[in-house]
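Enquirer: For reference, the structure I am asking about is given below.
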Amino acid sequence: MYNRKVSVIIPTYNRASTIKRSIDSVLNQTYSNLEVIVVDDGSTDDTEQIIRGYKDPRVHYVRTDGRRGANYARNVGIENAGGEYIAFQDSDDQWRLDKLEKQMSIFQMQADVDVVFSRFERRLMNGNTELVPNQNYTKEMLCKDIKHILSRGNVVSTQTMVVHKRCFEQYGMFDVEMPRFQDWEINIRFASNAIFSCIDEAMVEVYESEGSITNSKGSELEGLSMLVKKHENFFRRYGTLEYYLARLFLVSIEAGKVKELADCLKERLFYECIYAGAQRNRNMQSNYALVKEWISDDGYAEKINAFFEQYQEETVVIYGFGDVGKILVEKLSDRNKKKIKFLIDQNIAHKSEYRIRRLNDVMRKDWEEIKCIVITALAHESEIRMNLRNVVGNDIKVISVHDVVSEER
């Protein structure tokens, strides 16, 4: 049996109410050759007493010299680790009991693998759950195409990872300056040379909380701008740099933090950011206004219906059910309305005769008969196209309603 030692790092700060659940889910693993290193980042509650209350010799307590952040705490844990492999847990989350056993079995079978991660189940404060990454990302995609996927967003969460210790020695530790996206950032570094594998099921339960740093808009802007600056060439190589620069520019305007963005990106990249943001904003506004005007005109009903006529029944999906989406559906003939299998929209509370679903809720089998996806949510067209490419690849035609009605088509 493969029995290499795993060091599990748990950074914590004032999590007395949840830390026991987190530690117990590690100690109760079916894979027992492990140690737990809890790095207390200056807690002022009963966290220390709870941890010191464990009599299990596998539990170690380390305290930092004041609040230094989760990335610093993880690095302290790695430096104190005695295991050949490093895993991470958060102080308010929970592992499935066989998580490590399944991950370590992959290391045993594939000696060249450096990182093994899994999906996780996010438990939202409203009582709902969601699978991350969702099932549209196949295991093959997550293992074979990890660099391409990471260029479009992070699918590897820290608490799902087991990493061979050599990766930190070769590619560096967590960036202590990152206020957010630290797992995304380090995995971009790892993915450039390391080999990834994936457990095709949720092995971690992640609990959403009010105080989570991921709810902070300010940290999103700062973290994303640092990530783009640090890995500019990576995003440029995979064709997503322009999208992230545009997003940064528009968010910085909304937050009133353009100067801060300029200071972070410096002159050359900031000018590129301004151009990308202005171009996207101009396209969004002009496309939205023109398309809404076009499809409101009865003269375009014939063109819209002619487009839908080429598809068989129930083989079209409409992405977006805002103003443009509703007008588009109204313009369809009864025969063409029957060709819509379902609608995709973030707001599933819209009233419609069709099923409305969020993209993450659409299963792989639901795409099997789909021939075309028509995007009507023009304000987010670039982002939607990117997300759909990750989900359906090139197997399904994806167009914008702008393409349907445009004279240049």
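Enquirer: Failed condition for N193, given (1) modelled with pLDDT of 95 or more; (2) outside any helix (DSSP H, G or I); (3) of a type in the set (S, T, N, Q), with all others met?
Expert: (1)
Enquirer: Assess whether S118 counts as being at pLDDT 95 or above and surrounded by fewer than 18 Cβ atoms within 10 Å (Cβ to Cβ).
Expert: For S118, the condition - at pLDDT 95 or above and surrounded by fewer than 18 Cβ atoms within 10 Å (Cβ to Cβ) - is not met.
Enquirer: OK, next. Looking at the range 82-106, which of its residues are of a type in the set (A, V, I, L, M, F, W, C) and either part of a loop (DSSP other than H, G, I, E, B) or more than 16 Å from I9 (Cα to Cα) (or both)?
Expert: Matches in the range 82-106: L97, M104, I106.
Enquirer: Can you find even one residue in the range 65-80 that is crowded, with 18+ Cβ neighbours inside 10 Å and outside any helix (DSSP H, G or I)?
Expert: yes
Enquirer: Take the range 294-314 and flag every residue that is closer than 25 Å to E368 by Cβ and open to solvent by less than 10 Å² (accessible area, probe 1.4 Å).
Expert: Filtering the range 294-314 down to residues closer than 25 Å to E368 by Cβ leaves 307-314.
Across the range 294-314, the qualifying residues are F307, F308.
Enquirer: With the requirement that a residue be modelled with pLDDT of 90 or more and open to solvent by less than 10 Å² (accessible area, probe 1.4 Å), what does the range 316-331 give you?
Expert: V316, V317, I318, G320
Enquirer: Output yes when any residue across the range 98-115 is under 24 Å from F181 (Cβ atoms) and in contact with an Asp or Glu (Cβ under 7 Å, 6 or more places away or on another chain), and no when none is.
Expert: Scanning the range 98-115 turns up no residue that is under 24 Å from F181 (Cβ atoms) and in contact with an Asp or Glu (Cβ under 7 Å, 6 or more places away or on another chain).
Enquirer: Output the qualifying pairs, or none if there are none: Cβ atoms under 6 angstrom, residues six or more apart or on different chains, first residue in the range 179-190 and within 11 Å of V156 (Cβ to Cβ), second residue among the aromatic types (F, W, Y).
Expert: Matching pairs, first to second residue: I186/F174; I188/F234; F190/Y171.
Enquirer: If I filter the range 360-400 down to residues being open to solvent by 30 Å² or more (accessible area, probe 1.4 Å) and assigned to a strand (DSSP E or B), which single residue comes out as nearest to Q312 (Cα to Cα)?
Expert: This residue is K397.
Enquirer: Are any residues in the range 220-254 crowded, with 18+ Cβ neighbours inside 10 Å and of a type in the set (D, E), and if so, which ones?
Expert: Selection gives E220, E222, E242.
Enquirer: Looking at the range 15-41, which of its residues are assigned to a loop (DSSP other than H, G, I, E, B) and surrounded by 15 or more Cβ atoms within 10 Å (Cβ to Cβ)?
Expert: Scanning the range 15-41 gives R15, A16, T18, Q29, Y31, N33, D41.
Enquirer: Still on this model: Please verify whether F88 is more than 21 Å from R166 (Cα to Cα) and crowded, with 21+ Cβ neighbours inside 10 Å, treating the condition exactly as stated.
Expert: No: the conditions fail for F88.
Enquirer: Of all residues in the range 235-271, count the ones that are among the acidic types (D, E), modelled with pLDDT of 80 or more and within 25 Å of the chain's Cα centre (by Cα).
Expert: Total meeting the criteria: 2.
Enquirer: Quick one: which of D45, D56 is in contact with a Leu (Cβ under 8 Å, 6 or more places away or on another chain), farther than 27 Å from G172 by Cβ and either surrounded by fewer than 23 Cβ atoms within 10 Å (Cβ to Cβ) or not β-branched (V, I, T) (or both)?
Expert: D56
Enquirer: How about the range 83-132: which of its residues are closer than 17 Å to L34 by Cα and of a type in the set (K, R)?
Expert: Once the filter is applied, which keeps residues that are closer than 17 Å to L34 by Cα and of a type in the set (K, R), the range 83-132 yields R96, K99, K102.
Enquirer: State whether one or more residues within the range 386-402 are more than 25 Å from Y244 (Cα to Cα) and over 26 Å from the mean Cα position of the chain (by Cα).
Expert: No, there is no match, as no residue in the range 386-402 is more than 25 Å from Y244 (Cα to Cα) and over 26 Å from the mean Cα position of the chain (by Cα).
The values are calculated or read from the model by the stated rules, or taken from the named source; none is laboratory data. Everything numeric here is computed off the predicted structure, so don't read it as measured data. Counting neighbours? That spans all protein chains shown, and the Cβs are built from the backbone with ideal geometry, glycine included. The protein model used for the area step is the full one, side chains on, heavy atoms only, and it has no ligands, DNA or RNA in it. Shrake-Rupley method; radii C 1.70, N 1.55, O 1.52, S 1.80 Å.
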